[in-house]
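The values are calculated or read from the model by the stated rules, or taken from the named source; none is laboratory data. Because the structure is a prediction, the values reported are computed rather than measured. Counting neighbours? That spans all protein chains shown, and the Cβs are built from the backbone with ideal geometry, glycine included.
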Amino acid sequence: MGDFNESVILDAIRRHPAGLSRVELAKATGLSAQTVSNITRRLLDQGLARESGKQNIGSGKPRTLLEIVPTSRFAVGVHLDPAVITTVVVDLHGTVVAQRHRQTPSGGDTDQIAADMAASVSALVTESGIDDSRVLGLGIAAPGPIDAAAGWVVDPPELPAWGRYPLRDRLSAETGFPALLDKDVTAAVVAERWAGAATDSRNLLFFYLGTGSGMGLVVEDTVLRGSSGNAGEVGGLGAACSARALVDEAIALGVLGAEYTCLDPADAQRGLVRLAELAAEGEPQADGIIERLAIRIGRGVCAAGTLLDVDTVVFGGPIWQLLADRLLATIEPMVARSPFVRPTHPTTVTSTTLGENVAAIGAASLVLDHALSAQPRSLLLADRGIAGQGRRSGSETREKLSRMT
């Protein structure tokens, strides 16, 4: 209960960048003034929070405001994409302080690739000058399907050499950090809630458009993961929206030459860049391919938005970054015209503010969310989605993350 109440206080403070007084924290959380006082004293002692100024309330004594110290702790995120592996370090606000990218090896030894990913994590933390004890943990975002409870990737279609692989436990063992594994689209929607375009939304749909595509879902401030962690797969829509499918269509129509044939995801990305260039130059067939893509996405988003009654739709991912303006020009009016999406409330349609690294930032945000957000289920059930107690010493907050096993 003490850990839960601490998370409630931390969550309330971080959601108010201008700061909250202890009196306001008591009102916002429903906790007693003494409990708030005790917890905030611990947060100040740990360096997680600081006093940030005074607030004048009428003629009474000014109240002292509290705010999060963003550089007091950090989290690491790794996104295993079929085209590129991205590693980031973020602070408590979700701001990226260091990053690196490398092309995903095609085929090869998965154990060696995982070892290289772990080495990249360790090197990036070292290069950042951050002491290991201030790293809360490692988040991993991978394409679906996954086995979230076991921490395995499970035969991802665009990563055929991986098969069933215990990626979470392997990276935790190699780095010494407690680790979490989630699907990339789920990680992306967590990033949007933590640091992106939808921090104030309780009902959110995130459409990820990269090597593959999928939807991250939030209903009543709860991320929907499903029984195995694979909620948000979009079946035929996902296949039709993949980079490979778009490039293959362009080749079949003669828009792109055979030299752009997709042998691996990196080839698909290269072909898509050229397709986007041709569309921007006014090539009609190239623009037609993108228009048909926009219509497919728009229909899928309108259907899902109706089903979930969301108030915010966010788009992101590497392909989206290439085509955002062109796609939004078609999708926004489709949402606006939908007879079901906006009958009783407005629906915001926007692009991520986190750029093409949204899934990697989301991977790190998984750690922040577990460590610092209130998790009601932790009062009743142990969380089975975290690997590793962490061989390295750490703060009380990091130890809390490690204890959720």
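Within the range 34-51, identify whether any single residue is of a type in the set (Asp, Glu), surrounded by 15 or more Cβ atoms within 10 Å (Cβ to Cβ) and either touching an Asp or Glu at 6+ places or on another chain (Cβ under 6 Å) or at pLDDT 90 or above (or both), and answer yes or no. Steps first, please.
If we filter the range 34-51 for residues that are of a type in the set (Asp, Glu), which is where we start, we get 45, 51.
Retained after the next criterion (residues that are surrounded by 15 or more Cβ atoms within 10 Å (Cβ to Cβ)): none.
No, the conditions are met nowhere in the range 34-51.
Taken over the range 258-290, the residue count meeting the criterion of being among the acidic types (Asp, Glu), within 29 Å of the chain's Cα centre (by Cα) and in a helix (DSSP H, G or I) is 2. Small (Gly, Ala, Ser), over 17 Å from the mean Cα position of the chain (by Cα) and at pLDDT 95 or above: is that true of Ser106 in this structure? It is false that Ser106 is small (Gly, Ala, Ser), over 17 Å from the mean Cα position of the chain (by Cα) and at pLDDT 95 or above.
May I ask you to list the residues in the range 339-350 that are out of contact with any Leu (no Cβ under 8 Å at 6 or more places or on another chain) and modelled with pLDDT of 85 or more? So that I can check it myself, show each step before the final result.
As a first pass, look at the range 339-350 and keep what is out of contact with any Leu (no Cβ under 8 Å at 6 or more places or on another chain): 339-348, 350.
If the condition is that a residue be out of contact with any Leu (no Cβ under 8 Å at 6 or more places or on another chain) and modelled with pLDDT of 85 or more, then Thr347, Thr348, Thr350 are the ones that fit.
If you go through the range 312-362 and pick out every residue that is buried (at least 23 other Cβ atoms within 10 Å of the Cβ) and either assigned to a loop (DSSP other than H, G, I, E, B) or charged (D, E, K, R) (or both), you end up with 4.
Test Ala123 against the stated conditions and say whether it is at negative phi and in contact with a helix residue (DSSP H, G or I) (Cβ under 8 Å, 6 or more places away or on another chain). No, not satisfied. Does Ala304 qualify as being under 16 Å from Leu205 (Cα atoms), out of contact with any helix residue (DSSP H, G or I) (no Cβ under 7 Å at 6 or more places or on another chain) and of a type in the set (Gly, Ala, Ser)? Spelling it out, Ala304 is indeed under 16 Å from Leu205 (Cα atoms), out of contact with any helix residue (DSSP H, G or I) (no Cβ under 7 Å at 6 or more places or on another chain) and of a type in the set (Gly, Ala, Ser). If the condition is being of a type outside the set (D, E, K, R), more than 12 Å from Ala149 (Cβ to Cβ) and in a loop (DSSP other than H, G, I, E, B), then the range 225-243 contributes Ala231, Gly232, Val234, Cys241, Ser242.
Conditions (1) more than 25 Å from Gly232 (Cβ to Cβ); (2) modelled with pLDDT of 95 or more; (3) acidic (Asp, Glu), marked per residue:
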site	(1), (2), (3)
Ala252	yes, yes, no
Pro265	no, no, no
Ala280	yes, no, no
Glu283	yes, yes, yes
Ala286	yes, yes, no
Ala294	no, yes, no
Arg299	no, no, no
Ala303	no, no, no
Thr306	no, no, no
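Does the range 313-322 contain at least one residue that is over 20 Å from Asp184 (Cβ atoms) and in contact (Cβ under 8 Å) with a residue 12 or more places away in the chain? If you could, list the steps in order and put the result at the bottom.
Quick first cut of the range 313-322, residues over 20 Å from Asp184 (Cβ atoms) only: none.
Within the range 313-322, none of the residues are over 20 Å from Asp184 (Cβ atoms) and in contact (Cβ under 8 Å) with a residue 12 or more places away in the chain.
Restricted to the range 21-111, the set of strands (runs of 3 or more DSSP E) holding at least 2 residues that are among the aliphatic types (A, V, I, L, M) comprises 63-68, 74-80, 84-91, 96-103. Taken over the range 179-220, residues that are surrounded by fewer than 24 Cβ atoms within 10 Å (Cβ to Cβ), part of a loop (DSSP other than H, G, I, E, B) and touching a strand residue (DSSP E or B) at 6+ places or on another chain (Cβ under 9 Å) amount to 5. Answer yes or no as to whether Gly254 is farther than 21 Å from Phe315 by Cβ, touching a Pro at 6+ places or on another chain (Cβ under 9 Å) and either small (Gly, Ala, Ser) or not in a helix (DSSP H, G or I) (or both). Here the answer is no, as Gly254 does not meet what is asked. For the range 262-296, a residue qualifies if it is of a type outside the set (A, V, I, L, M, F, W, C) and farther than 13 Å from Ala83 by Cα, and the qualifying residues are Arg274, Glu277, Glu281, Gly282, Glu283, Pro284, Gln285, Asp287, Gly288, Glu291, Arg292, Arg296.
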